[in-house]
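Data first, discussion second: the structure below is written as structure tokens.
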Amino acid sequence: MSSKNFRLDDFVAGWIGGASSVVVGHPLDTVKTRLQAGSGYQNTLHCILSIYRKETVMGFFKGMSFPLASITVYNSVVFGFFSNTQRLISKYRYGDGRHPCGMLDMTVASMLTGLISVGLGAPVDLVKIRLQMQTQMVLAENLQLAGNVANGTNIPLRSVDIPNQRLYRGPIHCISSILQTQGILGLYRGAGAMILRDVPGYALYFIPYAVFCDLLTPSSSSSPHPCSIWLAGGLAGSISWVTATPADVVKSRMQADAQLQKKYKGVLHCIVQSYRAEGAEVFFRGASVNAIRGFPMSSTMFLMYELSLQFFRSH
């Protein structure tokens, strides 16, 4: 399944890990997106209860089919690219692709991975966020409609709910709508903020994982125990996501920005407008959700990736 320096099994293992992590992390990802780009939620718990009351358990899995199909491919590319880049750097620097990478080598490999990931990840995130935010958009229109009703009529909000008032019927319809109205660049809205998030974000993902794995593995053991992989992966995910939250807020806001009346002209404009309207704390909105969600998603991702690799390489 491999040549000496290029291995395909890293891509397959990344695909398996990615699928596992989406199922584990999507409910909290929906909460994070609503908190960052939506309105009317007092805190994380209030947001969770609101989604559950209005949309039942299925509300947390809104827009999951597309990430499940695409994030598996995305993680396959990320893990495959990262591992093969490490081997290339080792071959170039030490003359042997199997030579362990130093901290600087790993930083370069992870930052390059972050840059490459945006090409595939930006459209995936955009479609996911647009689908997750649909209820929010419909509700805002209903509130406006309710506000235009003559005084004294007091029509309850539910009675002005328009059942088919959805912009997108699903991920394919969402992609085609964006392509028709904004072209290919429309799918890359928020990509600048994503580069700011993912280039340092992946360095703070792969490096802590390697450090924690090393710390949790006894010197007598050649490979880390599954429990060590799970814990190291979870801690790395939480660190990476918390530090990436400010850039993630900007990215979510830009990607959730309605097509018809755009609020933000670009990354800098979004930062300035958000700061003026809501203060510095806006950039840490969803940080607790990111920390909590980052742990199970990343621990599942790394565990399934490493176990899959072990399986492939022993057969």
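Tabulated data for the structure shown
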quantity: Residue that is open to solvent by less than 60 Å² (accessible area, probe 1.4 Å) and within 23 Å of A291 (Cβ to Cβ), where the choices are L49, L35; calculated: L35
quantity: Test: V24 is more than 20 Å from A291 (Cβ to Cβ) and β-branched (V, I, T); calculated: no
quantity: Check on Y41, of a type in the set (F, W, Y), free of Cβ contacts under 8 Å to residues at least 40 places away in the same chain and not in a helix (DSSP H, G or I); calculated: yes
quantity: Test: residue in the range 86-109 that is touching a residue at least 24 places away in the same chain (Cβ under 8 Å), under 22 Å from P200 (Cα atoms) and under 14 Å from the mean Cα position of the chain (by Cα); calculated: no
quantity: Candidate set from the range 261-285 (those that are among the hydroxyl-bearing types (S, T, Y) and assigned to a helix (DSSP H, G or I)); member that is farthest from G192 (Cα to Cα); calculated: Y275
quantity: Residue in the range 145-152 that is closer than 19 Å to R7 by Cα, open to solvent by 30 Å² or more (accessible area, probe 1.4 Å) and either at pLDDT 90 or above or over 15 Å from the mean Cα position of the chain (by Cα) (or both) present; calculated: no
quantity: Of all residues in the range 187-219 being open to solvent by 30 Å² or more (accessible area, probe 1.4 Å) and either in a loop (DSSP other than H, G, I, E, B) or without any contact (Cβ under 8 Å) to a residue 24 or more places away in the chain (or both), the one that is nearest to G294 (Cα to Cα); calculated: V211
quantity: Residue in the range 73-81 that is under 18 Å from the mean Cα position of the chain (by Cα), without any contact (Cβ under 8 Å) to a residue 60 or more places away in the chain and open to solvent by less than 30 Å² (accessible area, probe 1.4 Å) present; calculated: yes
quantity: Meets criteria (more than 30 Å from E281 (Cα to Cα), open to solvent by less than 60 Å² (accessible area, probe 1.4 Å) and under 17 Å from the mean Cα position of the chain (by Cα)) for F11; calculated: no
quantity: Residue, surrounded by the most Cβ atoms within 10 Å (Cβ to Cβ), within the range 52-62, restricted to residues that are in a helix (DSSP H, G or I) and charged (D, E, K, R); calculated: E55
quantity: First in the range 261-286 and in contact (Cβ under 8 Å) with a residue 40 or more places away in the chain, second anywhere and among the aliphatic types (A, V, I, L, M), Cβ under 6 Å, 6 or more apart; calculated: V267/A193; C270/V250; C270/M254; R285/L35; R285/V249; G286/L35
quantity: Hits in the range 220-234 (condition: of a type in the set (S, T, Y) and either under 15 Å from I207 (Cα atoms) or in a helix (DSSP H, G or I) (or both)); calculated: S228
quantity: Single condition E281 does not satisfy, out of (1) within 21 Å of the chain's Cα centre (by Cα); (2) within 24 Å of Y202 (Cβ to Cβ); (3) at pLDDT 90 or above; (4) open to solvent by 40 Å² or more (accessible area, probe 1.4 Å); calculated: (2)
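The values are calculated or read from the model by the stated rules, or taken from the named source; none is laboratory data. Please read these numbers as outputs of a predicted model, since none were measured by experiment. Cβ sites come from the backbone with ideal geometry, for glycine too, and all protein chains shown count toward neighbours. All accessible areas refer to the heavy atoms of the entire protein, side chains included, with ligands and DNA or RNA removed. Shrake-Rupley method; radii C 1.70, N 1.55, O 1.52, S 1.80 Å.
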